[in-house]
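A.B. asks: Input: one structure, supplied below.
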Amino acid sequence: MPTLPTLAAGCILASLVLYALTGGADFGGGVWELLNHGPRAEARKRLIVHAIGPVWETNHIWVIVAVVVLFTAFPRAYAILSTALFAPLTLVLAGIVLRGSAFAFHAYQLHGEGGQGWWEGVFAGASLVTPFLLGVTLGAVSSGRIRGAELSSLAGGTGAWIAPFPLSVGVLTLASFAYLAAVYLTLETDDTELAEDFRRRAFGALGLVSLLSIAVPFLSSGGAPEFHRALTGSRWSAPLLAATALAALGAGISLLCRAYPLARACAAAQVALLLFGWGMAQYPYLIRPDLSIPEGAASSETLRLMLIILAVGAVFLFPAIYLLLRIFKKEALFGGRPRP
């Protein structure tokens, strides 16, 4: 039976997966807006705003849950990471705030003034930088360059995150979010030309994510050797690789056949498996190689109370999110004809 610290760490991983599948796709929409050129550019821009508008604030709840659980259940890890990775985490926070603010102004401007203005650039730029730095942070946590189990013995500096392996994880994260967005957007319109535009983008992003999924483990052999051994040499490594490849193949075939709901499910599964693979290779460490999950955990009383609160909160949270999606995303998520 999983211990309390393991359950708390699992809650963090689950929150990160949910954030990637929801908020990550919102970031990906900003990436496609940054790269939005050619015929139907204005229509694609309006589709992105229409798709993100009702849900982007709600999607951030998952990163909030992850941070709160980390702070409550693993205070030592929270202190070490917020110190050693102060620069990228501060930029991530600024990017989330700027992106949300810019999107609000950009959406109003798009409907009222033709969509021109610098808010569009802020929204797109923050959508590019923030997921990249989120991935860099995950790579740094696994690299083994953040040394010390206490703040008094902390070592690492910028070398912990400005290195090939963390940077490659950042690029993979950015590509994955753009991939999810492109696949999701095929279901947000009844305009076949717009759907085809994002179908082509989804194919390109799928190819990039697949290549990076091979390159990142290769880079980890030198940039994060212990993580690399766990990722490639565990009993679950081959089944996880096969499942991820099957999800990628399913997404590609579904896009080819224009079976967009199935493509969405396969793309979500592929990205979720990438994150689960990271979490399983990271286990049993919070920060490799000096702080394990049991060593960094808070008291049993704190963990037990936190898990009870999370369970009670979930009883209210998940039905509320379902109702929100049922109202604003009925056509895209539950079938029917999408609104133009």
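A.B. asks: Just for segment 83-100: of the residues that are more than 18 Å from Leu174 (Cα to Cα) and in contact (Cβ under 8 Å) with a residue 12 or more places away in the chain, which one is surrounded by the most Cβ atoms within 10 Å (Cβ to Cβ)?
C.D. replies: Result: Ala84.
A.B. asks: Scan segment 38-56 and report the pairs whose first residue is touching a residue at least 12 places away in the same chain (Cβ under 8 Å) and whose second residue is surrounded by fewer than 21 Cβ atoms within 10 Å (Cβ to Cβ) and among the polar types (S, T, N, Q), with Cβ atoms within less than 7 Å and a gap of 6+ or a chain change.
C.D. replies: Qualifying pairs under 7 Å: Arg44/Asn36; Lys45/Asn36.
A.B. asks: Could you list all residues from segment 108-136 that are at pLDDT below 75 and either crowded, with 20+ Cβ neighbours inside 10 Å or of a type outside the set (Ser, Thr, Tyr) (or both)?
C.D. replies: Gln109, Leu110, His111, Gly112, Glu113, Gly114, Gly115, Gln116, Gly117
A.B. asks: What number goes with the only condition from (1) assigned to a helix (DSSP H, G or I); (2) touching a helix residue (DSSP H, G or I) at 6+ places or on another chain (Cβ under 6 Å); (3) buried (at least 16 other Cβ atoms within 10 Å of the Cβ) that Ile80 does not pass?
C.D. replies: Failed condition: (2).
The values are calculated or read from the model by the stated rules, or taken from the named source; none is laboratory data. This one's a predicted model, so the numbers in the text were calculated from it and none came from an experiment. Note that we place each Cβ from the backbone using ideal geometry, even for glycine, and neighbour counts take in every protein chain shown.
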